[in-house]
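The values are calculated or read from the model by the stated rules, or taken from the named source; none is laboratory data. Note that this is a predicted model, so its numbers are computed, not measured. Ideal geometry is used to build each Cβ from the backbone, glycine not excepted, and the neighbour counts take in all protein chains shown. All accessible areas refer to the heavy atoms of the entire protein, side chains included, with ligands and DNA or RNA removed. Shrake-Rupley method; radii C 1.70, N 1.55, O 1.52, S 1.80 Å.
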Amino acid sequence: MELRHLRYFVAVAQTHNFTRAAELLGISQPPLSQQILRLEREIGLPLLKRLTRSVELTEAGEAFYQDACQILELSGHALEKAKGIARGTRGRLSLGFASSVAFHGSVFSLLREFQHRYPDMEMITGEQNMATLLHNLQEGLLDAAFVRLPCESSKAFNLKVIASEKMLAVLPPGHALAGQASLSLQQLAEDPLILFPQEVAPSLYEMIISACLRAGFQPRTGQQAPQIASAIGLVASGFGYTLVPESLGCIRHPDVTLHAIDDAVLNSDIALAWRRLDRSPAVLHLVATLNEIQPATR
């Protein structure tokens with residue numbers, strides 16, 4: 001049994017006439033009649049009552065008609081789904097986020113625009129530290145990832161910078177410098193520095209340590225935070241100060257103050273990363289969307 005036999009039968013059942021069904025299908029009437037007879041022989045029972053000027057469904061034909069309509073509908077959906085996946089307009093897109101990039105508005109703008117353009121694409125998202133993120137991207141467990149630069153493995157992937165942001169100093173409650181809009185790293189030389197574990201984001205960790213060394217001091221690393229964002233909570237508890245990307249300033253903790261750093265070049269880029277030579281249509285659509293809206297996100 002072929003799908004075209006089901007389409008022929010459904011057309012006859014809906015028009016109650018072989019001639020009109022043949023016209024709708026764009027074929028001549030004799031071959032249509034032959035195909036319906038072949039279908040009935042294959043099934044082993046009559047599906048139609050052939051009258052003088054029309055046809056009616058038998059009881060078995062009525063049941064077969066309902067199932068045939070469902071089969072044709074499902075096959076149509078399956079075909080469109082397969083075509084959509086091949087074109088990158090349907091299916092799933094697995095995206096990873098470094099913990100410190102999820103707060104930046106440019107990332108949300110990109111995802112919102114992509115979802116608007118491809119509403120049938122399901123985006124599966126998850127937050128991971130940089131080491132896990134890059135490993136999963138390399139192994140194909142992720143289709144693309146939003147990473148923070150500098151990144152020690154960035155040469156293994158295609159990268160498209162989404163935004164660049166400065167680092168801010170976050171001070172604990174009652175700190176002597178809390179009233180200053182900006183400060184120098186040197187002013188914090190005696191305070192304990194709260195950092196994330198080096199393996200979470202090795203290059204960013206090294207950048208912060210190097211900036212302190214250039215400012216003339218070896219930082220006193222104190223309590224460690226599991227992620228960059230969670231360091232703010234430890235600052236609020238009085239364990240020391242930390243340095244975070246400016247987009248994390250949206251975490252408005254009432255017990256901390258945020259300050260610009262005026263004696264060190266501490267910038268960090270957010271980038272979209274995807275595997276080199278990856279020709280996934282969905283990933284390419286995401287990259288194309290980013291390229292088109294880039295002027296609005298910088």
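Data table
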quantity	calculated
The range 227-248, residues that are under 24 Å from the mean Cα position of the chain (by Cα) and open to solvent by less than 40 Å² (accessible area, probe 1.4 Å)	Ile228, Ala229, Pro245, Ser247, Leu248
Glu199 vs. criteria surrounded by fewer than 14 Cβ atoms within 10 Å (Cβ to Cβ) and within 28 Å of Asp278 (Cα to Cα)	yes
Selected residue (criterion: farthest from the chain's Cα centre (by Cα)) from residues of the range 209-226 that are part of a helix (DSSP H, G or I) and crowded, with 18+ Cβ neighbours inside 10 Å	Cys212
Qualifying residue in the range 164-186 (condition: within 34 Å of the chain's Cα centre (by Cα), of a type outside the set (A, V, I, L, M) and open to solvent by 50 Å² or more (accessible area, probe 1.4 Å))	yes
Selection within the range 178-211 - charged (D, E, K, R) and modelled with pLDDT of 90 or more	Glu190, Asp191
Output for the range 150-163, where each listed residue is crowded, with 20+ Cβ neighbours inside 10 Å and over 14 Å from Ser247 (Cα atoms)	Cys151, Phe157
Strands (runs of 3 or more DSSP E) contained in the range 89-162 and holding at least 1 residues more than 22 Å from Ser203 (Cα to Cα)	91-98, 121-128
Filter result for Asp143 (buried (at least 18 other Cβ atoms within 10 Å of the Cβ), in contact with a helix residue (DSSP H, G or I) (Cβ under 6 Å, 6 or more places away or on another chain) and either over 24 Å from Glu292 (Cα atoms) or of a type outside the set (Phe, Trp, Tyr) (or both))	yes
Hey, Thr19 in the same structural domain as Ser75 (by the TED database), more than 22 Å from Gly76 (Cβ to Cβ) and without any contact (Cβ under 8 Å) to a residue 12 or more places away in the chain or not	yes
Among the candidates Glu206, Glu190, residue that is outside any loop (DSSP other than H, G, I, E, B), surrounded by fewer than 21 Cβ atoms within 10 Å (Cβ to Cβ), not small (Gly, Ala, Ser) and not assigned by the TED database to the domain that holds Ser109	Glu206
Check on His253, more than 30 Å from Glu139 (Cβ to Cβ), open to solvent by less than 60 Å² (accessible area, probe 1.4 Å) and either among the polar types (S, T, N, Q) or over 23 Å from the mean Cα position of the chain (by Cα) (or both)	no
